[in-house]
2 protein chains.
Amino acid sequence: MDASSDLQNRVPRKRRKMQRVTMMDVAKLAQVSPSTVSLYLRKPGAVSPAAGQEIARAISTLGYVPNLVAGGLAAASSKVVSIIVPSIRNAFFAETVSTIQSELSAEGLQVILGHSEYGEDQEEALVRTALSWAPAAVVLTGLSHNAETRKLLQASGVPVVEMWEIGGKPIDMAVGFSHPQVGASAARHLLSKGRRSLAFLGARMQEDHRAAKRASGFAEETKRAAEPATCEIINHPGAATVEAGSLLLNRALRQIPNLDGIVCSNDLIALGALFECQRQGVAVPERVSLVGFGDLDFSASCIPSLTTIRPSGDLIGREVARLILASIHGERPEGTSLVVDTGHVLIERRSS
Amino acid sequence: MDASSDLQNRVPRKRRKMQRVTMMDVAKLAQVSPSTVSLYLRKPGAVSPAAGQEIARAISTLGYVPNLVAGGLAAASSKVVSIIVPSIRNAFFAETVSTIQSELSAEGLQVILGHSEYGEDQEEALVRTALSWAPAAVVLTGLSHNAETRKLLQASGVPVVEMWEIGGKPIDMAVGFSHPQVGASAARHLLSKGRRSLAFLGARMQEDHRAAKRASGFAEETKRAAEPATCEIINHPGAATVEAGSLLLNRALRQIPNLDGIVCSNDLIALGALFECQRQGVAVPERVSLVGFGDLDFSASCIPSLTTIRPSGDLIGREVARLILASIHGERPEGTSLVVDTGHVLIERRSS
DNA sequence: CTGAAAGCGCTAACAA
DNA sequence: TTGTTAGCGCTTTCAG
């Protein structure tokens, strides 16, 4: 009897749409109104201790799980933050995403992830779906986006953080560092070591604008050098992998007879170049100095250890999270800049 | 003038009240009812061409973006798939997540990401929030979860896929391979090379149950060998990094005098071990054979190239996506097993 | 094929 | 502090 009546009113006829426990159920059991439960959930201190206790009990006996979808609709802004990166497989972005996720989940925010594969139109599509979640914030990678993307975001009024790059006009906020400056630092380092025939080995630079900027910053600085030095930029159209590093090194060796200094657009490429040098009998750093970018896991351990530039994806992630939380809490400081420069550090090791 | 008006409409005073374009607006402009628009959006073929055209025009002139939050609430199931991995920084999971994301986004599903840092209670919390999105599916890593997690998931009725491991009873569906078998394959390979003093170098095995299973599969197989062979398992409590590989190798060298065969619980550790061998003057493969796991980017390029076992995170991702889509479309084949074994392949290279 | 109507579960004024 | 009252924007019967 009891069971069947229960069944009837909880299981709507057709779709066995699973009798989810709602806030209403909690309210009934706790003998308060639904809005009190809602209030309790959002600001536990705002309800009387007695009521709070009842509600807490009801929640746990019923196994209530709040429905964030409904909450998001009612509040006109869901608790999701959409992050769009070129690729999650990339260790840099994985680190940043991971950090952002940790920081935001502590505040009850969820992370929705998308990857654009370095395509601006892909990115636009992702922004579109992102926006359809009425997100609390959107995080993009870099400052290069197509016009439509910028327009959509601007029109939405949602806080936007562009990360991993500064030096242009952000849509809203930006956290990162200057890529040309990274290239310049690398160039200065090699020049200071007396290297004069330089090469920049990059991958996918037709799409990866940030890598391209590191390359051009490098080239500029070389031109500006006190002593005359030459510099060539070599691009591998495919992904930035260890394998690409090997290929690029061989091309550089062929194209530049006196090659004595190399900057790679990231440490994976540098590792490949290092392995290839070993294979070709090119002594590092005696004959050729090598500088990477990223300070990945292996960079300190490889042989010789790799001189590299650390951008700190972790710090970027933390700052992104901080800006997002400030925006959400309405604490966007008027006076303070909404562009955060996380800088970069050149870590000198054996390879140079 | 222009700037100030721009500012005004971009930064609403306090709460972003924002007049979003709704389906209603589209309906009005297209002179049809909202439900027709809704129908058109879900099954364009089901409305008359004339109406369809009007609606399409209205959508584009208005710049309408559907609100998935509202849709999810009404449909009682949102278009999100929640994926919970131990860590996104881990290249294996990054690859799988990336693949799942690509496959699902083609079907209009979003991916929400969480990482448990190898903690079962953390995982439970993530499952709780995941469920509060009324997700279309939930993806977990591995088969080890606490009782509460299993209960929550089971009670929810949401399709669940456990990935990267099979060999136990899944909550619902599972895609992966047997870790003990991976360990056994590695053991057989080394034994076949005449190696008799073996070591398994692993990291974080107190939490990473899958690595621990590879280790025990390895140990079992060694015991079972025709010729007598010894095997030690050495664990590094911290994360599985290149650095850890170096440390572990040194410990192994110290503990096992005649050490001649090593299996690492992943390629990062193997790379660190390789570097350390080079530093210590231990010839690979002459004195010690080395086998990794994962077939990461660098494994084919390093010196000597690394013998490793490829689990194919990509294939796992594709299968996970396939099962999810089948579940959602209600095509779960009764007869077919809901456990997919993606197997593993030993790739023999120079290090053994 | 199209439209009217009834919510989905929750939040946020506002009133009490 | 608590309860009442409206929706949030969409999907989904069910009629027409």
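The values are calculated or read from the model by the stated rules, or taken from the named source; none is laboratory data. No experiment lies behind these values; they were computed from the predicted model shown. All Cβ positions, glycine included, derive from the backbone under ideal geometry; neighbour counts span all protein chains shown. Ligands, DNA and RNA are stripped out before the accessible areas are found, and what is left, the full protein with its side chains, is counted by its heavy atoms. Shrake-Rupley method; radii C 1.70, N 1.55, O 1.52, S 1.80 Å.
Calculate the dipole size of the range B:215-352 relative to its Cα centre from +1 charges on Lys and Arg beta carbons and -1 charges on Asp and Glu beta carbons; express the result in debye to the nearest 20.
For the range B:215-352, the charge dipole is close to 260 debye.
Just give the residues from the range A:86-109 buried by at least 40 square angstrom of accessible area in the all-chains context relative to the isolated chain, probe 1.4 Å, and say none if nothing qualifies.
Output list: A:I88, A:R89, A:S98, A:Q101.
So for the pair B:R20, B:Q280, with labels modelled 7 Å out along Cα→Cβ, what separation do we get in nm?
Each label point is offset 7 Å from its Cα along the Cβ direction, giving 6.0 nm.
Divide by every residue of chain B the summed helix terms, -39500 (n - 2.57) for each DSSP H run of at least 4, and state the resulting mean residue ellipticity at 222 nm, rounded to the nearest 500 deg cm²/dmol.
Calculated at 222 nm, the ellipticity per residue is -14000 deg cm²/dmol.
Give the Debye-formula value of log10 I(q)/I(0) at each listed q (0.11, 0.15 Å⁻¹), with one equal scatterer per alpha carbon of chain B, two decimals each.
Log10 I(q)/I(0), no solvent term: -0.80, -1.17.
Given points 7 Å out from each Cα along the Cα-Cβ axis, report the A:E120 to A:I303 separation in nanometres with one decimal.
It works out to 4.7 nm between the two label points.
About its Cα centre, how strong a charge dipole does the protein assembly as shown have in debye, to the nearest 20, once Lys and Arg get +1 and Asp and Glu get -1 at the Cβ?
900 debye
How large is the accessible surface per residue of the range A:179-310, computed with a 1.4 Å probe and reported in Å² as a whole number?
That works out to 36 Å² for each residue.
Give me the accessible area buried between chains B and A, both sides summed, with a 1.4 Å probe, in Å² rounded to the nearest 100.
5000 Å²
So if R0 is 35 Å, what FRET efficiency would A:E107 and B:L62 give, r being the distance between their Cβ atoms, rounded to the nearest 0.05?
For A:E107 and B:L62, the calculated efficiency is 0.55.
Put a label point 7 Å from Cα along the Cβ direction on A:N250, then list its distances to the equivalent points in the other copies in nm, shortest first.
Here the equivalent label points are 3.6 nm apart from this one.
What order do you get for B:299-305, B:79-85 when each peptide is scored by the mean count of other beta carbon atoms within 10 Å, highest first?
Ranking, from highest mean packing down: B:79-85, B:299-305.
Give the carbon-plus-sulfur fraction of the accessible surface of the protein assembly as shown in %, rounded to a whole number; probe 1.4 Å, heavy atoms of protein chains only.
Ligands and nucleic acids excluded, carbon and sulfur reach 52 percent.
Where is the GNM fluctuation largest for chain B (alpha-carbon springs, 10 angstrom cutoff): B:P180, B:P228, B:P285?
So, out of B:P180, B:P228, B:P285, the one fluctuating most is B:P228.
How big is D for the protein assembly as shown, in µm² s⁻¹ as a whole number, if Stokes-Einstein is applied with the Kirkwood radius of its Cα pairs at 20 °C and 1.002 mPa s?
Diffusion coefficient, whole number: 77 µm²/s.
Pick out, from B:S312, B:V26, B:T342, the residue whose Cα sits farthest towards the positive end of the charge dipole of chain B, with +1 on the Cβ of Lys and Arg and -1 on the Cβ of Asp and Glu.
The Cα lying farthest towards the positive end belongs to B:V26.
Given labels modelled 7 Å from the Cα in the Cβ direction, how far is it in nm from A:E227 to A:A326?
If labels sit at A:E227 and A:A326, their model points lie 4.5 nm apart.
If you take every DSSP beta bridge whose two residues both sit in chain B, what share of them, in percent to the nearest 5, is antiparallel?
Bridges in chain B that DSSP calls antiparallel: roughly 10 percent.
Can you pick out the pairs among A:K43/B:K28; A:K79/B:K28; B:K169/B:K223 whose Cα atoms lie more than 32 Å from each other?
In this structure, A:K43/B:K28 lie more than 32 Å apart at Cα.
Where does the charge balance sit around A:F177 when Lys and Arg score +1, Asp and Glu -1, over other residues with C-beta under 12 Å from its C-beta?
+1
Charges at C-beta only: +1 for Lys and Arg, -1 for Asp and Glu. How large is the resulting dipole of chain A about its Cα centre, in Debye rounded to 20?
680 debye
Run the Debye formula on the Cα coordinates of the range A:123-264, all scatterers equal and no solvent, and tell me log10 I(q)/I(0) at q = 0.10, 0.12, 0.17 1/Å.
-0.44, -0.59, -0.90
Considering only A:S192, A:G71, A:P135, whose Cα is most displaced toward the positive end of the charge dipole of chain A, charges sitting on Cβ of Lys, Arg (+1) and Asp, Glu (-1)?
Result: A:G71, furthest along the dipole toward the positive end.
Looking only at the protein assembly as shown, where both bridge partners belong to it, what percent of the DSSP beta bridges are antiparallel (to the nearest 5)?
The antiparallel fraction comes to roughly 10 percent.
What whole-number volume per residue, in cubic angstrom, does the convex hull of the C-alpha atoms of the range A:199-352 give?
133 Å³
Pop out a list of residues from the range A:297-311 that are at least 50 Å² less accessible with all the protein chains around than in their chain alone; 1.4 Å probe, no ligands or nucleic acids counted.
Those are A:D297, A:S301, A:I303, which lose 50 Å² or more relative to the chain on its own.
Relative contact order for chain A using alpha-carbon pairs under 8 Å, separation at least 6, rounded to a whole percent?
Relative contact order here is 14 percent.
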